[in-house]
Amino acid sequence: MLGMVLAIWSTAFGNGDLIPVTYTADGEDISPPIEWECEFEAGSFALICEDPDAPVGTWVHWVVYNIPGGVRSLEEGLPAEDEIEGGILQGRNSWGATGYGGPAPPSGKHRYFFTLFALESPLDLPAGATADELREAMEGLVIQDAEMMGEYTRGQ
């Protein structure tokens, strides 16, 4: 694994920076643009966005998987559909909805972790999976993962 680079970032905000209102429930509530670098062959990628600071426990904001191994970005404002261009599948967030649900913290500053997983192969998992179901399906197939984090406070 030495020298195998996997890195994730967004052109909308830097790691550890505030997430712009556009990508939150207080704004347009659209998914941010996500890009990554992968210097090794991956069969597919998966992405989970979670808020570990939610009062009810970790809140899932976005579940995306079966991103083809040759893809290196997700465009801004992906449609909230089970299957999007290129055979990419989206799962259910903690609201029980498909696709991205932006930050909407009830109080205080919350952290939002975007974790990208490079997998050996696509997953035999139907659209609409939860983050837990995705994690279970990825077991033993994760080559490497990378993470970035954005913060959001209402009324910032």
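The values are calculated or read from the model by the stated rules, or taken from the named source; none is laboratory data. Fair warning: this is a prediction, and the values are worked out from it, not measured in the lab. FYI the Cβ positions are ideal-geometry reconstructions off the backbone, even for glycines, and counts take in every protein chain you see.
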Q. Right, D51: surrounded by fewer than 22 Cβ atoms within 10 Å (Cβ to Cβ) and closer than 16 Å to T153 by Cβ or not?
A. yes
Q. Mind checking whether some residue in the stretch 119-138 is in contact (Cβ under 8 Å) with a residue 40 or more places away in the chain, of a type in the set (S, T, N, Q) and within 15 Å of C49 (Cα to Cα)?
A. yes
(Q) I'm trying to understand the selection: among the residues of the stretch 9-48, which are closer than 20 Å to G86 by Cβ, buried (at least 21 other Cβ atoms within 10 Å of the Cβ) and β-branched (V, I, T)? (A) I34, I48
**Q.** Members of the stretch 108-139 found to be of a type outside the set (A, V, I, L, M), surrounded by 15 or more Cβ atoms within 10 Å (Cβ to Cβ) and part of a helix (DSSP H, G or I), listed by number
**A.** E133, R135
Q: Output the residues belonging to the stretch 29-47 that are in contact (Cβ under 8 Å) with a residue 40 or more places away in the chain, under 17 Å from A118 (Cβ atoms) and out of contact with any Lys or Arg (no Cβ under 8 Å at 6 or more places or on another chain).
A: I34, F40, A42, G43, S44, F45, A46, L47
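Name the residue that is nearest to G99 (Cα to Cα), counting only residues in the stretch 1-24 that are part of a loop (DSSP other than H, G, I, E, B) and either at pLDDT below 95 or of a type in the set (F, W, Y) (or both).
Here the residue is F13.
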Q) Limited to the stretch 116-156, what total is found for residues that are under 16 Å from the mean Cα position of the chain (by Cα) and more than 25 Å from G57 (Cβ to Cβ)? A) 3
Q. Exactly one of (1) part of a loop (DSSP other than H, G, I, E, B); (2) surrounded by 20 or more Cβ atoms within 10 Å (Cβ to Cβ) is unmet by G150. Its number?
A. (1)
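Among the candidates V71, V142, single out the residue that is surrounded by fewer than 18 Cβ atoms within 10 Å (Cβ to Cβ) and touching a helix residue (DSSP H, G or I) at 6+ places or on another chain (Cβ under 7 Å).
On inspection, the qualifying residue turns out to be V71.
Going through the stretch 79-106 one residue at a time, which ones are of a type in the set (A, V, I, L, M, F, W, C), under 17 Å from A129 (Cα atoms) and surrounded by 15 or more Cβ atoms within 10 Å (Cβ to Cβ)?
Within the stretch 79-106, A80, I84, I88, L89 qualify.
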